[in-house]
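Novice: Take a look at the following structure, please.
Derivation of every value follows stated rules applied to the coordinates shown; laboratory data play no part. All values derive from a computational prediction rather than experimental measurement. Methodologically, a virtual Cβ is constructed for each residue, glycine included, from the backbone with ideal geometry; neighbour enumeration extends over all protein chains shown.
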Amino acid sequence: MTSLPLDLRGTPFQRRVWAALRDIPPGRTETYGALAARIGHPGAARAVARACAANPVALLVPCHRVVPADGGTGGWRWGAERKRALLMREAAA
């Protein structure tokens, strides 16, 4: 992925989550819990979900690539159907 300079404003935790989201390659997903563990906050899956919901630039910081542990796609600030469509498009590419 090309690195775009972004001036994202949020809490230090949100910025860590958003940086980690940019490391998830297109066509791949990661659970909220796995992302929380990867940034050093195991057990903070709900906080990761809240940081994803606060993401102001959804496609540049791909929060749609984070899914619940139950295997579904979960909700998304811009609509669950749009999230599913993005994930399907990325998986097909």
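Novice: So in the range 37-93, with the set limited to residues that are over 27 Å from residue 7 (Cα atoms) and touching a Ser or Thr at 6+ places or on another chain (Cβ under 6 Å), which one is surrounded by the fewest Cβ atoms within 10 Å (Cβ to Cβ)?
Specialist: If we take residues in the range 37-93 being over 27 Å from residue 7 (Cα atoms) and touching a Ser or Thr at 6+ places or on another chain (Cβ under 6 Å), then 69 is surrounded by the fewest Cβ atoms within 10 Å (Cβ to Cβ).
Novice: Residues of the range 18-36 being in a helix (DSSP H, G or I), within 15 Å of residue 67 (Cβ to Cβ) and out of contact with any Cys (no Cβ under 7 Å at 6 or more places or on another chain), which ones?
Specialist: 20, 32, 33, 34, 35, 36
Novice: To continue, here is another question. Can you find a residue in the range 68-88 that is among the aliphatic types (A, V, I, L, M) and under 9 Å from the mean Cα position of the chain (by Cα)?
Specialist: Looking for residues that are among the aliphatic types (A, V, I, L, M) and under 9 Å from the mean Cα position of the chain (by Cα), one finds none in the range 68-88, hence no.
Novice: Here's a follow-up. Does any residue of the range 51-59 turn out to be in contact with a Pro (Cβ under 8 Å, 6 or more places away or on another chain), of a type outside the set (Gly, Ala, Ser) and either closer than 23 Å to residue 15 by Cα or outside any helix (DSSP H, G or I) (or both)?
Specialist: For the range 51-59, residues in contact with a Pro (Cβ under 8 Å, 6 or more places away or on another chain), of a type outside the set (Gly, Ala, Ser) and either closer than 23 Å to residue 15 by Cα or outside any helix (DSSP H, G or I) (or both): absent.
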